[in-house]
Amino acid sequence: MKNTKWLAPTIYILFLLLPIYWLVSMSFKTTNEILGSFSLWPQEFTLNNYITIFTDPTWYNGYFNSLTYVMMNTLLSVSVALPAAYAFSRYRFLGDKHLFFWLLTNRMAPPAVFALPFFQLYSAVGLFDTPIAVALAHCLFNIPLAVWILEGFMSGVPKELDETAYVDGYSFVHFFIKIFIPTIAAGIGVVMFFCFMFSWVELLLAKTLTSVVAKPIAATMTRTASTSGYELGLLAAAGTLTIIPGAFVIYFVRHHIAKGFALGRV
Amino acid sequence: MAIELKEVTKVVGIDTHIHETSIKLEEGRFNILLGTTLSGKTTLLRLMAGLERPTKGEIWFKGANVTGVPVQKRKVAMVYQQFINYPNFTVYDNIASPLKVIRLPKKEIEARVHKVAELLKITPMLKRMPSELSGGQQQRTALARALVKESDLVLLDEPLADLDYKLREELREELPKLFHDSGATVVYATTEPAEALLLGGYTATLHEGRVTQYGPTPSVYRIPQDLLSARVFSDPPINTASITKRGEKFHYNETASWNVSERYKALPDGPYTIGFRPHHITLEPDNDESISVKGTVVVTEISGSESVIHMSVGHDTWVSLSHGIHPFKRGDAVELYLQTDHCFYFDANERFI
């Protein structure tokens, strides 16, 4: 029995990693090889797919555009959610619990529902095809989640900490920036991760609200099977590069996320 | 006159947390607020600190009305039951924080922090983070932060309640000394009568949002103004009995009676209440004033060298604290001796007479 303990997790991990392996291996193949024969690893190893992506502006601009609105969205969501979550965790006011729950219901509708109103609205006010348009649209989903998670972390900090700071002479703003934010840094990390992830993988709104100038990588990637025929190798390389930022972010916040789960809010 | 509450009430929603209270605490002394949970100790402390505004009434501090002054400008210090320190600051920065806020010169901050760290024996921990300290050291850090400010009013909200026994004893011994030298008025909230007695100073007994009595700790203990104060200031709880005075005798349940002492000779005949502490009803008579009472054992708790016997006498249930180990069983008949010379006598309104 003892010797087979490793078997189940190994099979599980192999199963999970298989599609990723296939994607990475495809990215080093030529399109001809992908379409021509079945091979477990690249027979004619090539870096051309990656070279194309790093030299062709229509490709690499996709990454820039995506990263721009993702970071805008993350900053916006966190800076708006911090004071909101503080209010929910520290004050009692009429209807606070209903409002708190209502926030979360915003996430219950699929993003597609909002594609049309956002498209029409942003076209009318001239925001169409800008990174800020996508960033703002994603806020609709990310801010409620951010408030929800941050409130959990903030409620884990005793309110006596706030009071001790006031007794010591700190003003509210001074306390909030110097003491409170560092205290819930783990929570902010978790929130940034979730905002980043949602915004990075969300395709529909990003695609609908942009056309040329602010076109995100996800849109570029799903359109390329066009003029020059199938470019599967190129798509696989683009896909591989799209996974990397997410993997990075997860690596950096993995401890915080575990803590967030322990607090029961993530 | 360090701090005075003038006809202060505090109402939150429909709950009255503090009924109209006027109290003037002794300046430069240790003042103890003694009461059970929810008796209003913490609310009183928060009102004194300025963390909450009274619904009615005024708060005076050093001869000035500070009722609406925000806590940042009150120059008070406060320590909570939970060990509250800034988790992202080192112990040194924690202690230094109130001084940094008022922008003292760096040299002076350093000197003062090292001085209180020395007093509280946490000098070796100055470079650590609060999370790396034991509970006792964390609370010492919080106390150091309160002390370093040299404020005139220090509010301590059950600071020792979360510490384990040994540390509590150790710190309890140090506390009065620490603050006596600083000359600050200290207000110390606690639920434990024994702690109040050990700390000395002055005690205010609290019950359900009312201050029932305030005075030097030993005299509050020895002469409770009313039954309520006596109940608050007794652990295990004080025993009570309804008695009747007829001529020269007090009668209890028609089963026991004793001579009325000189002090109460002039009282009119009628019903009274007596209160007596558990160690004044024992298995052995103390002197001629001790009278025998027979009852049935409900439960016996033995702690080392003492026995706490709960027994029922008529409709009353009393607690007796006797030396020695007496393993009575439930239902055993016992004869105990009530030291009538140590009873508190209360009139029909439960006032001390």
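Derivation of every value follows stated rules applied to the coordinates shown; laboratory data play no part. As the structure is a prediction and not an experimental result, all values here were calculated from the model. Backbone-built Cβ (ideal geometry, glycine too); neighbour counts: all protein chains shown.
From the alpha carbon centroid of region B:78-121 to that of region B:325-347 is 52 Å. Each listed q (0.15, 0.19 Å⁻¹) maps to a log10 I(q)/I(0) for region A:1-46 from the Debye sum over equal C-alpha point scatterers, namely -0.50, -0.64. Give me the angle, in degrees from 0 to 90, between the Cα long axis of helix B:165-182 and the longest principal axis of the Cα atoms of chain B, rounded to the nearest 10. Compared with the principal axis, the helix lies near 60 degrees. Any idea what log10 I(q)/I(0) is at q = 0.20, 0.24, 0.27 Å⁻¹ for region B:1-78, Debye with uniform C-alpha scatterers and no solvent? Per q value, in the given order, log10 I(q)/I(0) is -0.88, -1.27, -1.54. Overall dimensions of region B:78-206, expressed as equivalent-ellipsoid semi-axes from the Cα gyration tensor (√(5λ), whole Å, largest first), are 24, 17, 12.
Just the C-alpha atoms of region B:28-68: what Rg/Rh do they give, with Rh taken as the Kirkwood radius? Numbers along the way, then the final one.
Details: Rg = 11.3 Å, Rh = 11.4 Å.
Expressed as Rg/Rh, it is 0.99.
Just check region A:1-105 against the gyration tensor rule for me: Cα atoms, a ≥ b ≥ c as the square roots of the eigenvalues, rounded for a/c under 1.5, and otherwise prolate or oblate depending on whether a/b exceeds b/c. Because a/c hits 1.5 or more and a/b fails to exceed b/c, region A:1-105 counts as oblate. Can you grab the distance from the C-alpha centre of region A:143-211 to the C-alpha centre of region A:1-63, Å, no decimals? Taking the Cα centre of region A:1-63 as reference, the centre of region A:143-211 is 36 Å away.
For B:K62, the lysines whose Cα comes closer than 16 Å to its Cα, not counting residues fewer than 8 places off in the same chain, are B:K6, B:K24, B:K73, B:K75. For chain B, the longest principal axis of the Cα atoms and the long axis of helix B:135-148 meet at an angle of about 70 degrees.
Averaging sequence separations of C-alpha pairs under 8 Å and six or more residues apart, then dividing by the length of region B:3-232, give the relative contact order as a whole percent. Present the calculation step by step, with values, prior to reporting the outcome.
Numbers: 428 pairs, mean separation 67.0, N = 230.
Rounded, it is 29 percent for region B:3-232.
For B:N31, the residues whose modelled amide H falls within less than 5 Å of its own, excluding neighbours fewer than 5 places apart on the same chain, are B:V186, B:V187, B:Y188, B:Y202. For region B:68-121, rounded, prolate or oblate, judged on the Cα gyration tensor with a ≥ b ≥ c (square roots of eigenvalues), a/c < 1.5 rounded, else prolate if a/b > b/c? Since a/c reaches 1.5 but b/c is at least a/b, the shape of region B:68-121 is classed as oblate.
Per DSSP H run of n ≥ 4, the term is -39500 (n - 2.57); total these for chain B, divide by its residue number, and report the mean residue ellipticity at 222 nm rounded to 500 deg cm²/dmol. Please report the intermediate quantities before stating the final value.
On the way: 8 runs with 85 residues, N = 353.
Mean residue ellipticity at 222 nm (helix-derived): -7000 deg cm²/dmol.
The Cα trace of region B:133-279 gives Rg and Dmax of 20.4, 66 Å, the first to one decimal, the second as a whole number.
Using only alpha carbon pairs under 8 Å that are at least six residues apart, calculate the relative contact order of region B:1-116 and give it in whole percent.
23 percent
Kirkwood analysis of region A:106-233, using all unique Cα-Cα pairs, places the hydrodynamic radius at 17.5 Å. Distances over 25 Å make up what percent of all Cα-Cα pairs in chain A? Beyond 25 Å sits 58 percent of the P(r) for chain A.
Both radii come from the Cα set of the protein assembly as shown: Rg as radius of gyration, Rh as Kirkwood radius; their ratio Rg/Rh reads 1.17.
With the largest listed first and rounded to whole Å, the semi-axes of the equivalent ellipsoid of region B:235-353 from the Cα gyration tensor are 26, 13, 13. Listed by chain and number, the aspartates and glutamates whose alpha-carbon sits under 19 Å from that of B:K177, ignoring those within fewer than 8 places in the same chain, are B:E26, B:E27, B:E118, B:E150, B:D152, B:D157, B:E158, B:E169, B:E195. Among B:C343, A:C139, A:C195, the ranking by other beta carbons within 10 Å of each residue's beta carbon, starting with the fewest, stands as A:C139, B:C343, A:C195.
Averaged over its residues, how many other protein chain Cβ atoms are within 10 Å of peptide A:166-179's Cβ atoms?
On the way: counts 8, 19, 17, 12, 6, 3, 1, 0, 2, 3, 0, 0, 6, 5.
Per residue, the average neighbour count from other chains is 6.
Rg and Dmax, both from the Cα atoms of chain B and both in Å, are 24.0, 76.
Averaged over A:129-139, how many beta carbons belonging to a partner chain fall within 10 Å of each residue's beta carbon? Could the numbers behind the result be given before it?
Numbers: counts 0, 0, 0, 0, 0, 0, 0, 0, 0, 0, 0.
Counting other chains' Cβ atoms within 10 Å and averaging over A:129-139 gives 0.
For chain B, the longest principal axis of the alpha carbon atoms and the long axis of helix B:91-101 meet at an angle near 70°.
Report the rotationally averaged projected area of region B:1-142 based on its alpha-carbon convex hull, in square nanometres.
Details: hull surface 40.5 nm².
Reported value for the Cα convex hull: 10.1 nm².
Let me have the relative contact order for chain A, percent, based on Cα pairs under 8 Å that are six or more residues apart.
Details: 273 pairs, mean separation 84.8, N = 266.
About 32 percent, as a whole number.
Between the C-alpha center of region B:153-196 and that of region A:77-94 there is a gap of 36 Å.
Peptide B:141-149 has a mean shielding of 1, counted as Cβ atoms of other protein chains within 10 Å of each residue's Cβ.
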